[in-house]
Amino acid sequence: MANSQKGKIDMTTGRIMRNIILFAIPIIIGNVLQQLYTTVDALVIGKYCGDTSLAAVGTSSQPVEVLLCVFLGIGTGVSILISQYTGARESGKVVSVCGTSITLIYIVGIPIGILGWFAAPYILEFMKVPQDVWNAALIYTRLVFLGTLGNLGYNMNAGILRGLGDSKASLWFLVVSCISNIVLDLVFVAGFGMDVAGAALATSIAMFISWLVSIVYIRKMFPEIHFTFLPRRFSGKMMKDILAIGLPVGLNNSLYSLGHVALQTFNNSQGAIFMAGGAVAGRITGCSNIAITGLSSAATTFSGQNYGAKKYDRIKEGHWRIPLCSGVITLSFGLFFIMIHRPLIRFFSSDEMVLMYASRHIVVMLLSQWFYAIFNCIISIVNGTGKVRYTTIVNILMLWAVRIPSAYIINKYFDGTWVMLCFPISFSFGMFAMIGYYLFSPAWKEVMELAEHGKASD
């Protein structure tokens, strides 16, 4: 049975899918809350500011992710190491990883916030942001960059807790963030008339609040970790181990986000109406894939803890069941939202062309996201064992060799307003590539053989 002490779930014992679902549910609820407050952003901006501001927010989210994703990937490395050390019952190493991660947050978060402020106009110029959207997009991007430290701090701490087997705490942090964001949205945008600047400030301040709450929680619930507000402990060896796993994931995430910036240029070339349609669609498609992140996070913790505990038989038992479960749930959500999406999108805009583009985008994405759900869960299970090289290569190929070329071809030789078809093309490629890893990789065959014979690796 799952161990509920301090909200922790021990993935090395008990029924696998029960543990996975229990672990994933708080993250899924958290994803709903995240979608809620990004949706509130869109509703407030759409109502009080108009479609141009809505388009600015939609296009500005991508460049912020480019610089953040390297370091959020490193946070994934922290989570994987903690899950492995937790499974192996090596508490001293857990303390060392946590201390090093606190230092990492500060030496990375502050420079990125400053760099992002000055780099914002060059990034938006690269993205070919239209002139009627430019000023609003620049303000939004710069102010969100200023919230980098809080964003990194919250995500790093959430990763630490997931590695420990505690997924419930992140839900409460998001409740705090969601309420803060909604209240500040209404105050800054609706009350003070600050337009996109108010929305950006609300988001950044909410992330800082969540980060501070997460620090207080870890200090109270896990005193044995000796968690601190400011950097006090640093281990060069642990930093090396963190980077060995996290840097490939982070670089891959950054390349992935940079690719999405490149994709956004295709959207931007279709004009502000098409951009607004994509921004509206993103609110609905985000709601439909809420299970993916939760089940993938659970899969990483499950794989990491059992790999650390050398319980390879449990990895073998779960390595197909977890991705298939994620795929079925995501397809079910997708079909449900396709049926109800038309009245929903009218809350965001009254422009019929915006709504037409939004509807097209929603149907294409929701019919194919289950491919991505299976792909992402398999990647998470493989990453949990520390074998990140192949998953990094597949992610890069899926974006740069499949999705972007597909988008270019659709935009140049066909109707550019169908550019979103590049997603199902790349999702299917990624899914089959990861299934191929399961079937043909010598490294994975070794894990399966260890499971079959009950052997421990070196």
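Here are the numbers:
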| read-out | value |
| --- | --- |
| Enumeration of residues in the range 423-446 that are in contact (Cβ under 8 Å) with a residue 12 or more places away in the chain and under 13 Å from Tyr372 (Cα atoms) | Phe423, Pro424, Ile425, Ser426, Phe427, Ser428, Phe429, Gly430, Met431, Ala433, Met434, Ile435 |
| Where a residue in the range 358-385 is free of Cβ contacts under 8 Å to residues at least 24 places away in the same chain and over 25 Å from Gly271 (Cβ atoms) and its partner, wherever it lies, is among the basic types (Lys, Arg) and buried (at least 24 other Cβ atoms within 10 Å of the Cβ), with Cβ under 6 Å and at least six apart | none |
| Failed criterion for Ile393 (all others in (1) under 19 Å from the mean Cα position of the chain (by Cα); (2) surrounded by 20 or more Cβ atoms within 10 Å (Cβ to Cβ) hold) | (2) |
| Selection within the range 171-192 - surrounded by fewer than 21 Cβ atoms within 10 Å (Cβ to Cβ) and touching a residue at least 24 places away in the same chain (Cβ under 8 Å) | Leu171, Trp172, Val175, Val176, Ser180, Ile182, Leu186, Ala190 |
| Condition met for Met207 (in contact (Cβ under 8 Å) with a residue 24 or more places away in the chain, buried (at least 20 other Cβ atoms within 10 Å of the Cβ) and closer than 25 Å to Leu33 by Cα) | yes |
| Of all residues in the range 336-373 being farther than 30 Å from Ile322 by Cα and of a type in the set (S, T, N, Q), the one that is most open to solvent (accessible area, probe 1.4 Å) | Ser350 |
| Test: residue in the range 324-335 that is open to solvent by 30 Å² or more (accessible area, probe 1.4 Å), modelled with pLDDT of 85 or more and not in a helix (DSSP H, G or I) | no |
| Count of residues meeting criterion [farther than 15 Å from Arg403 by Cβ and out of contact with any Leu (no Cβ under 6 Å at 6 or more places or on another chain)] in the range 262-277 | 9 |
| Boolean, Ile393 is assigned to a helix (DSSP H, G or I), closer than 26 Å to Tyr307 by Cα and without any contact (Cβ under 8 Å) to a residue 24 or more places away in the chain | yes |
| Checklist (1) touching a helix residue (DSSP H, G or I) at 6+ places or on another chain (Cβ under 7 Å); (2) in a loop (DSSP other than H, G, I, E, B) applied to Gly193, failing item | (1) |
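The values are calculated or read from the model by the stated rules, or taken from the named source; none is laboratory data. Because the structure is a prediction, the values reported are computed rather than measured. Neighbour counts are summed over all protein chains in view; Cβ atoms, including those assigned to glycine, are modelled from backbone coordinates with ideal geometry. The accessibility values were calculated without ligands, DNA or RNA, using every heavy atom of the protein model including side chains. Shrake-Rupley method; radii C 1.70, N 1.55, O 1.52, S 1.80 Å.
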